[in-house]
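The values are calculated or read from the model by the stated rules, or taken from the named source; none is laboratory data. Every value quoted in this text rests on a predicted model; they were computed, and no experiment measured them. We place every Cβ from the backbone using ideal geometry, glycine too, and count neighbours over all the protein chains shown.
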């Protein structure tokens, strides 16, 4: 996604997991040893999900699914204030991701996995120039990190940065909070913001 492309529609974003590759390390690593790899044959079952219909396929994990849906409902109430709330497709995609994460003892901690889903499924949908968008981003930051209003600074983004730099504050969803801080800063600078910085 760059200045030469049209924005993705919500319909596309609801069906995709957005992954940013924005970190670039320009220093070459000459210590890497390259070896040839033999191809690995895997069946297509490796790529197939066990989950297609939430009510039918997730009944055995209903307690965990309800926890995830409860957290998503809390976030959705924040999003609703700027008419940016998500629907059932996004809910299902997030639940299925979280359940896949549980396999083999859990690849990521629950908070890390949910942080990924906020970054991949919720934040890419957020954009705008209205005060309700700014207020929603600030409230979402409070949910992901902490209340920034008690920090000193001229702008919300400066206060958010101080929260993120404060080692005594444990952010529940760190990556999402960092992205939200950048989105608020862009709103302050340009009067418009989106996930795509």
Residue in region 152-159 that is outside any helix (DSSP H, G or I), surrounded by fewer than 21 Cβ atoms within 10 Å (Cβ to Cβ), at pLDDT below 95 and touching a helix residue (DSSP H, G or I) at 6+ places or on another chain (Cβ under 6 Å) present: yes
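Among the residues of region 22-58 satisfying the criterion of being part of a helix (DSSP H, G or I) and exposed (fewer than 10 other Cβ atoms within 10 Å of the Cβ), which is modelled with the lowest pLDDT? Talk me through it step by step, then tell me what you get.
As a first pass, look at region 22-58 and keep what is part of a helix (DSSP H, G or I): 44-46, 54-57.
Narrowing the set further to residues that are exposed (fewer than 10 other Cβ atoms within 10 Å of the Cβ) leaves 44-46, 55-56.
Working: 44: 81, 45: 77, 46: 68, 55: 88, 56: 90.
Top of the filtered list is 46.
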Considering residues of region 59-68 that are crowded, with 16+ Cβ neighbours inside 10 Å and over 15 Å from the mean Cα position of the chain (by Cα) only, the residue nearest to residue 110 (Cα to Cα): 65
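Quick check on this structure: which one of 134, 142 is modelled with pLDDT of 95 or more, farther than 25 Å from residue 23 by Cβ and touching a strand residue (DSSP E or B) at 6+ places or on another chain (Cβ under 9 Å)? So that I can check it myself, show each step before the final result.
Values: 142 fails: touching a strand residue (DSSP E or B) at 6+ places or on another chain (Cβ under 9 Å).
Being modelled with pLDDT of 95 or more, farther than 25 Å from residue 23 by Cβ and touching a strand residue (DSSP E or B) at 6+ places or on another chain (Cβ under 9 Å) holds for just one of 134, 142, which is 134.
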Scope region 71-82; condition under 13 Å from residue 136 (Cβ atoms) and free of Cβ contacts under 8 Å to residues at least 24 places away in the same chain; matching residues: 76, 77, 80
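Condition check ((1) touching a helix residue (DSSP H, G or I) at 6+ places or on another chain (Cβ under 6 Å); (2) within 26 Å of residue 144 (Cβ to Cβ)) across all residues:
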site	(1), (2)
33	no, no
77	no, yes
87	no, yes
90	yes, yes
107	yes, yes
117	yes, yes
Members of region 162-177 found to be buried (at least 18 other Cβ atoms within 10 Å of the Cβ) and more than 16 Å from residue 150 (Cβ to Cβ), listed by number: 173, 176
Filtered residue count, region 97-123, keeping only those that are surrounded by 19 or more Cβ atoms within 10 Å (Cβ to Cβ) and farther than 25 Å from residue 22 by Cβ: 1
Selected residue (criterion: surrounded by the most Cβ atoms within 10 Å (Cβ to Cβ)) from residues of region 180-197 that are in contact with a helix residue (DSSP H, G or I) (Cβ under 6 Å, 6 or more places away or on another chain) and assigned to a helix (DSSP H, G or I): 180
Qualifying positions in region 124-138 - assigned to a helix (DSSP H, G or I) and surrounded by fewer than 17 Cβ atoms within 10 Å (Cβ to Cβ): 131, 132, 135
Residue ID - nearest to residue 54 (Cα to Cα), chosen from residues in region 73-89 that are crowded, with 16+ Cβ neighbours inside 10 Å and under 16 Å from the mean Cα position of the chain (by Cα): 86
